[in-house]
Amino acid sequence: GIYLIENDAYLIDSGIDSDTGKKILKILNEQNWHLKAILNTHFHADHIGGNNYLQTKTNCLITSSPKENIFIENPELELLTLYGAKEPKQMQTKFLLAKKSLTQDFQIPLEIIPLPGHTMHMIGFKTKENVYFLGDALAGEEAINKYKIFFLTDVTQYLETLNFLKTLKGIFVISHHQITNDITNLINLNEQTIDEISKEIITICQKNETFENILTKIFNCYNMIMNITQYYLISCTLKAYLTYLISNQKIEIIFQNNQMLYHSL
């Protein structure tokens, strides 16, 4: 999305790579709009991938929440959070590794809204016209129907964000969904999907299961094809679910024969 003040454009997220950045800059130039700043909802590569190109070409400002800014300036940290160490070369793709860009704090003309869950410190932006840019605070219906499991780092936070979104009225710009003025059904679908996946994990863990076994059964349950990218994205999300279920006393961790096992209570 773009928010205009006279000819100054504030861009909300920049797409996945420099090619997207080039398309954005072409549109801006055609409209005679000056790119004042990029406002990133969060640090994932498909939202900051055009930052570097646009900042290099226009010297625009860039910002997000303070902790997301750390990742935007050090995009290799996305891979570190997924892999836990120096990543294999196969993970160094534009889907997981953006080029770095420089961030700074400055006064922006939009209200900042905390939307944690998809990432720990994701934010959205609200205009004075009650247009909400929500980033990945909601998984779109098409994505849920296609993949079922959408990326999360904190299930509890995500559910709290969904409850917050129920209180809002306006026009909603969601990254992987069409623009809408009614997100009620989409919120319900997100909640139902989380509940379904949680119940599936609890069922799997009725027998003591290793993390790898749970992961394999989840892939098989939802007919997903495992590759190195999907392995680590779904692994992270599964860990978020396990933490959520452990904190709600639905699952416990036990150790047997030097294996960490998950067991439904």
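The values are calculated or read from the model by the stated rules, or taken from the named source; none is laboratory data. Just so you know, these numbers come straight off a predicted model, no measurement behind them. Note: ideal-geometry Cβ built from the backbone for every residue, glycine included; neighbour counts use all protein chains shown. What goes into the accessible areas is simple: the full protein's heavy atoms, side chains included, and nothing from ligands, DNA or RNA. Shrake-Rupley method; radii C 1.70, N 1.55, O 1.52, S 1.80 Å.
Condition check ((1) under 15 Å from Asp105 (Cα atoms); (2) surrounded by 13 or more Cβ atoms within 10 Å (Cβ to Cβ); (3) touching a residue at least 60 places away in the same chain (Cβ under 8 Å)) across all residues:
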residue	(1), (2), (3)
Lys22	no, yes, no
Ile27	no, no, no
Ala37	yes, yes, yes
Tyr53	no, yes, no
Ser65	yes, yes, no
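Remark: pairs (first residue in region 162-182, farther than 20 Å from Gln192 by Cα and modelled with pLDDT of 95 or more; second residue of a type in the set (Asp, Glu) and surrounded by 11 or more Cβ atoms within 10 Å (Cβ to Cβ); Cβ separation under 9 Å; 6+ apart in sequence or on different chains) are absent. When both residues are 6+ apart or on different chains and their Cβ atoms are under 7 Å apart, which pairs have a first residue that lies in region 128-140 and is in contact (Cβ under 8 Å) with a residue 40 or more places away in the chain, and a second that is among the aromatic types (Phe, Trp, Tyr) and open to solvent by 10 Å² or more (accessible area, probe 1.4 Å)? Taking only residues 6 or more apart or on different chains, the pairs are Ala139/Phe150. Listed by first and then second residue, the pairs linking a residue in region 222-233 that is among the β-branched types (Val, Ile, Thr) to a residue that is part of a helix (DSSP H, G or I), with Cβ atoms under 8 Å apart and 6 or more places separating them unless they lie on different chains, are Ile225/Phe219; Ile228/Gln90; Ile228/Met91; Thr229/Met91. Residues Phe150, Phe133: which one is farther than 21 Å from Leu39 by Cβ and either part of a loop (DSSP other than H, G, I, E, B) or over 12 Å from the mean Cα position of the chain (by Cα) (or both)? Of Phe150, Phe133, the one residue that is farther than 21 Å from Leu39 by Cβ and either part of a loop (DSSP other than H, G, I, E, B) or over 12 Å from the mean Cα position of the chain (by Cα) (or both) is Phe150.
Taking each residue of region 237-265 that is free of Cβ contacts under 8 Å to residues at least 24 places away in the same chain and looking for partners that are open to solvent by 80 Å² or more (accessible area, probe 1.4 Å) and of a type in the set (A, V, I, L, M, F, W, C) with beta-carbon atoms closer than 9 Å, six or more apart or interchain, yields Gln249/Leu265; Glu252/Leu265; Ile253/Met260.
The single condition among (1) touching a Ser or Thr at 6+ places or on another chain (Cβ under 9 Å); (2) surrounded by 15 or more Cβ atoms within 10 Å (Cβ to Cβ) that Trp33 does not satisfy is (1).
Could you tell me whether Thr119 is in contact (Cβ under 8 Å) with a residue 60 or more places away in the chain, β-branched (Val, Ile, Thr) and outside any loop (DSSP other than H, G, I, E, B)? Explain how you work it out, then say what you get.
Numbers: in contact (Cβ under 8 Å) with a residue 60 or more places away in the chain: yes; β-branched (Val, Ile, Thr): yes; outside any loop (DSSP other than H, G, I, E, B): no.
When the stated conditions are applied, Thr119 does not pass them.
From the list Tyr83, Tyr147, exactly one residue is touching a residue at least 12 places away in the same chain (Cβ under 8 Å), open to solvent by less than 90 Å² (accessible area, probe 1.4 Å) and of a type outside the set (Lys, Arg). Which is it? Explain how you work it out, then say what you get.
Working: Tyr147 fails: open to solvent by less than 90 Å² (accessible area, probe 1.4 Å).
Going through Tyr83, Tyr147 in turn, just one is touching a residue at least 12 places away in the same chain (Cβ under 8 Å), open to solvent by less than 90 Å² (accessible area, probe 1.4 Å) and of a type outside the set (Lys, Arg): Tyr83.
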